[in-house]
1. For VAL74, what accessible surface area do you get with a 1.4 Å probe? Give it in Å², rounded to 10.
2. In debye to the nearest 20, how big a dipole does the stretch 30-88 give about its Cα centre with +1 on each Lys and Arg Cβ and -1 on each Asp and Glu Cβ?
3. Can you give me the solvent accessible area of GLU138 with a 1.4 Å probe, rounded to the nearest 10 Å²?
4. How much length is gained if the chain between GLU83 and ALA157 is pulled fully straight, taking 0.36 nm per residue apart and subtracting their Cα-Cα distance, in nm to one decimal?
5. Once you put a point 7 Å from the Cα of LEU34 and another 7 Å from the Cα of ARG21, both along the Cβ direction, what distance in nm separates them?
6. With every protein chain left in place and a probe of 1.4 Å, what is the accessible surface of TRP24, to the nearest 10 Å²?
7. If I stretch the segment between HIS147 and ALA107 completely, what's the gain in nm (0.36 nm per residue apart, minus their alpha carbon distance), one decimal?
Amino acid sequence: MTEALPQPQPSSASPSGATGRPSWDEYFVQLVPLVAGRATCDRGRSGCVIVRDHRIVCSGYVGSPPGLPHCDDVGHLWRNVVEDDGGIRTHCVRTIHAEQNALAQAAKYGLPLAGTTVYCTMEPCATCAMLLISVGVERVVALRRYHAAQQSRDLLAAAGVQLDVWYDEDQQYPNQLNADAAGAPAPDLAPGVVAGTVAGSVAAALADEAAVPEAE
């Protein structure tokens, strides 16, 4: 279910004006939850809208690659990841992040993204941040913070990409902090998998999917 749309909040960066007409930031920010409503994993129903010169270039939401099953249909594909702080957090790796899907759409249709602004549900993960930097995104506007986004913030700052967060609070989604709380299995990391890397986790999860029980 799509969350309630964020209410326009005039600021020095994005004034609504005396008439109450939404600023461009307010306009695009309010589109993000609509896009996120198409997401197919309840571990983070995120959306992403990429804009240049006040025009939408492409959009994306959390979902599996075309032709592959979705979490909403067959359940999650769990992987426990050791974070930099030593904590073990549970990630569902069946789906592609909203930002990645938006970038894939742009690549599929030959749409350059240099100089664009990204509007997204929460701060991007480190992998998404690196991809956004690589395609030339100049600004990221996130509705809320991501609880494990410090590396992303550092990457964006180092690359000169402006990061604005609409609401200074963490985005909440089910079982985001602890593997035990998620009810997901806690297997040893597979040989060759680098702790904390999404790519390594995806590879390991796909290799032993049949052995991973579904979490209710």
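The values are calculated or read from the model by the stated rules, or taken from the named source; none is laboratory data. The structure displayed is predicted, hence computed values, not measured ones. In this analysis, Cβ positions are derived from the backbone assuming ideal geometry, glycine residues included, and neighbour counts consider all displayed protein chains. With ligands, DNA and RNA removed, areas are computed over all heavy atoms of the protein, side chains included. Shrake-Rupley method; radii C 1.70, N 1.55, O 1.52, S 1.80 Å.
1. 70 Å²
2. 300 debye
3. Probe radius 1.4 Å; accessible area of GLU138 about 110 Å².
4. 24.5 nm
5. Once both label points are built, they end up 1.8 nm from each other.
6. Near enough 110 Å² of accessible area.
7. 11.5 nm
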